[in-house]
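Each remark here refers to the structure printed beneath this line.
What follows is calculated from the coordinates using simple rules that are stated; it is not laboratory data. In this text, all values refer to a predicted model and were calculated from it rather than measured experimentally. So basically every Cβ, Gly included, is an ideal-geometry build from the backbone, and we count neighbours across all protein chains shown.
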Amino acid sequence: HYRHRSKQGHCQNRMVSARILEPLVWNEMSKLILDPVTLRKGYEDSIKQQEATLVRQRQRLETLYRTVHRLELQSQNLLKAYIDPEIPLSKADYVTQKSRIEDELSAARTEIVALEDELAQGPIVPADLASLDAFLGEIRDVLADARDLTPQEKRDVLELLHVQVNLHMDGNVRIEGWFAPISTGLLNTSS
């Protein structure tokens, strides 16, 4: 999965052929696969980060639910105050405060929908570490025999490790996934 992003220096206009990029990325991944200790630690760290992200998302969702409830109460109280003849609240003040509450409610509800959608997709379930070690052990054996993997075997490895490649304008390539990120100048700006 290759990303071209304009934010944070990712490439904007340059096209990079997958034919050029894929062998370079695979070379970096091969080095990682041949270092099982580093790979396993990076994999475990990535799973912990994913779990921490899910906890933060759930906490944020709870905060948003409380915010919506509070704003709904404010809206009800504002209407009661506006209707009550003993409380001096002008129509202009009412409209201004009501508009602020509605804007905040809209923003909170939009964020709730987005978070609920993310959480509904569920966590990406990591491979069992024993299965991961066994599969990558087979891949290491193939690489140690200087044989090339089939394109499908390479795809299987990349999918298992959730590899994503970010291209930067300066030719830097950042490879991320369930391992410690790899940042390398695989491409020069004339590629």
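Candidate cross-link partners of Lys31 among the aspartates and glutamates, defined by an alpha-carbon separation under 20 Å and a same-chain spacing of 8 or more, comprise Glu22, Glu44, Asp45, Asp133, Glu138, Asp141, Asp145, Asp148, Glu153, Asp156, Glu159, Glu176. So what's the projected area for the range 18-111, the Cα convex hull averaged over all directions, in nm²? Mean shadow area of the hull around the Cα atoms is 10.3 nm².
Taking every alpha-carbon pair in the range 79-186 and binning the separations at 10 Å intervals from zero gives 11, 21, 21, 14, 10, 10, 8, 4, 1 percent.
For the range 130-173, the average shadow cast by the Cα convex hull is 4.0 nm², which is a quarter of the hull's surface. When peptides 32-45, 100-113 are ranked by their average number of other Cβ atoms within 10 Å per residue, the highest-first order is 32-45, 100-113. When only Cα pairs below 8 angstrom with a gap of at least 6 residues are kept, the range 57-113 shows a relative contact order of 48 percent. Subtracting the Cα-Cα distance of Tyr82 and Ser106 from 0.36 nm times their residue separation leaves 6.5 nm of extension gain.
Between Leu54 and Arg19, the simple label model (points 7 Å from Cα in the Cβ direction) yields a spacing of 4.2 nm.
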